[in-house]
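Trainee: My questions will all concern the structure given below.
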Amino acid sequence: MTVRVLGIETSCDETGVAIYDGDLGLMAHALYSQAHIHADYGGVVPEIASRDHVRKLLPLIERCLQDADCTRRQLEGIAYTAGPGLIGALLVGASLGRALAFALQIPAVGVHHMEGHVLAPLLEPEPPLFPFIALLVSGGHTMLIEVAGVGRYRLLGETLDDAAGEAFDKTAKLLGLGYPGGPALAQCALHGDAGVFSFPRPMTDRPGLDFSFSGLKTHTRNLWQHHGGEDQARENIAAGFQAAVVDTLVIKCRRAMQQTRSAHLVVSGGVGANMALRRALSRTGRKHGWNVSYPRIEFCTDNGAMIAFAGYQRLRAGACEPETIAARARWPMAELHPV
Ligand code: KG4
Ligand code: ZN
């Protein structure tokens, strides 16, 4: 049985590595963010991302092994993000992970990036127990999922257009707040008054658990054209936009919890690092009698620890893939097998 797993994450602009041991837990993790490189371009440039993963991945693995006081030979499995994501970036982690597994004659498994996010809160002390509802809010996805166990996911709702993180990024860009947009917009919103401008709460007036965030972006653009140029307007628009996204997510979570009669909500993905969202969800959970779990802030955004952990769950259950390098830019979660 595989107990010690090296996890590799290279699906976008973060190189993440971690070692997870079934007995000892998370032994080490290391992250290198390329965000400052892509900032000049206002978004991730795929080719630059792949090339930088090539430069950073091996040194990061060496550092992680040292931090864990572990040799390569003590590794018993390798988990790498196989999708969804930027195909060139994914291939860097997939080929290195696969090659390392071949050289060490240990099993390797390609992990679904969103499964990594879903399971990330299980790395914390007092982890949530199955079943639970997961709100996954990242740069590429916004989903509500009923989680019965590892690999047992039922999609309840998702975004019909922009993901929540994408809406944060595009709105931040519009307001001249730079990249990455989410944290910058949240910071700007701290100084604003959310009540100055009115924002819609998209798709909350009709039944269902799907989301739509592209209208908010257009609404913001119109407001900014009318009131733009002043710092105060920027701060008030940022605060109003953030409040609208947070409210919308809270309303849909409340609805999902009611519909499924669940008692535990798990929030994960980059937007899960947003403090206004965490506060609002925790407050709503207390009011309605459900628990809310989050990963620590650094494991909300992309990281190697969640991939090592998700890979551990699958390798422990006997998953072992052929010696081919597999990566998929698109990969519906519904195709995952239960463990
Ligand atoms: O999960 P993640 O690191 O990468 C993807 O899988 O997409 O999520 C990145 C997204 C970006 O859109 C970023 O702007 C957003 O998460 N984000 C935030 C915050 N921190 C990261 N959005 C709002 N508030 C934050 N504090
Ligand atoms: Zn992610």
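The values are calculated or read from the model by the stated rules, or taken from the named source; none is laboratory data. In this text, all values refer to a predicted model and were calculated from it rather than measured experimentally. All Cβ positions, even for glycine, are placed from backbone atoms using ideal geometry, and neighbour counts span all protein chains on display. Areas reflect the complete protein model, heavy atoms only, side chains present, ligands, DNA and RNA absent. Shrake-Rupley method; radii C 1.70, N 1.55, O 1.52, S 1.80 Å.
Trainee: Search the stretch 263-284 for residues being in contact with a Lys or Arg (Cβ under 9 Å, 6 or more places away or on another chain) and part of a helix (DSSP H, G or I), and hand back the single one that is nearest to ligand 2 (Cβ to nearest atom).
Mentor: Among those residues, the one meeting the criterion is Gly272.
Trainee: Among the residues of the stretch 1-12, what is the count of those that are open to solvent by 10 Å² or more (accessible area, probe 1.4 Å) and either within 12 Å of ligand 1 (Cβ to nearest atom) or touching a strand residue (DSSP E or B) at 6+ places or on another chain (Cβ under 7 Å) (or both)?
Mentor: 4
Trainee: Going by what's in this entry, would Val245 be described as at pLDDT 95 or above and within 24 Å of Val292 (Cβ to Cβ)?
Mentor: yes
Trainee: Scan the stretch 132-148 and give yes if some residue there is closer than 22 Å to Val5 by Cα, open to solvent by 30 Å² or more (accessible area, probe 1.4 Å) and in a loop (DSSP other than H, G, I, E, B), otherwise no.
Mentor: No, the stretch 132-148 contains no residue that is closer than 22 Å to Val5 by Cα, open to solvent by 30 Å² or more (accessible area, probe 1.4 Å) and in a loop (DSSP other than H, G, I, E, B).
Trainee: Still on this structure, I have one more. Give the residues of the stretch 157-185 that are under 14 Å from Asp13 (Cβ atoms) and touching an Asp or Glu at 6+ places or on another chain (Cβ under 8 Å), sorted by residue number.
Mentor: Those that are under 14 Å from Asp13 (Cβ atoms) and touching an Asp or Glu at 6+ places or on another chain (Cβ under 8 Å): Tyr179, Pro180, Gly181, Gly182.
Trainee: Let me ask something additional. Could you tell me whether the stretch 166-184 includes any residue that is more than 12 Å from ligand 1 (Cβ to nearest atom), in contact (Cβ under 8 Å) with a residue 12 or more places away in the chain, open to solvent by 10 Å² or more (accessible area, probe 1.4 Å) and in contact with a Gly (Cβ under 6 Å, 6 or more places away or on another chain)?
Mentor: For the stretch 166-184, residues more than 12 Å from ligand 1 (Cβ to nearest atom), in contact (Cβ under 8 Å) with a residue 12 or more places away in the chain, open to solvent by 10 Å² or more (accessible area, probe 1.4 Å) and in contact with a Gly (Cβ under 6 Å, 6 or more places away or on another chain): absent.
Trainee: Away from ligand 1 (no atom under 15 Å from the Cβ) and closer than 20 Å to Leu6 by Cα: which single residue out of Pro332, Pro295, Pro322, Pro338 fits that description?
Mentor: Pro322
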